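Written below as structure tokens is the structure these notes are about.
What follows is calculated from the coordinates using simple rules that are stated; it is not laboratory data. Treat the numbers as computed from the prediction; the structure is a model and nothing was measured. Cβ sites come from the backbone with ideal geometry, for glycine too, and all protein chains shown count toward neighbours.
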Amino acid sequence: MLTFSSPSLDRTPIEMLAVPASQDIDLHAIPALQALTASAMEMEEFTADKDQNILLYNPAGTKIRRCLIVGLGSKERIDAEALRIFAARAVKAALTAKRKRLLIAVPNAATQTSLPGVFAGGDTKRGASLIVWAIAEGRKMATGINQYLQAGKSAKAAVK
């Protein structure tokens, strides 16, 4: 069964979390996710190259048992297909580790278009699709728009 949730990483016990990482941009607006990717990047063996993974056990300041950080490469290479492959790799890792639950962190920028302040989701982004996907992307888009506006930027000014 597919469910969507936004657990608190410092208060909610999480069996396994998968987080995408980029070599040259921070993909996440949530400080706890930023800290996890920064922690992985501090290790010499992880540079967030495409197809590179690192597994963190019991990261400090969280209640996460296993955190899989998956490299996506440089920002120029990150697109919907790269995120789909990331999710598939995360599911495969969870199945291999015999985990019953997996949470996947979705990048904040996943719904923002190449135009600053312009967001897209659902059928406008992926074409005719399942209503479940449209609802999930709508939630992500609303979160991204809110964070964008809270940062002091105006979507209206960006379109000018």
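Taking the Cα-to-Cβ direction at ALA80 and at ARG11 and moving 7 Å from each Cα, how far apart do the two end points lie in nm?
Label-label distance for ALA80 and ARG11, simple model: 3.6 nm.
Could you order the peptides 12-25, 36-49 from most to least packed, using the average number of other C-beta atoms within 10 Å per residue?
12-25, 36-49
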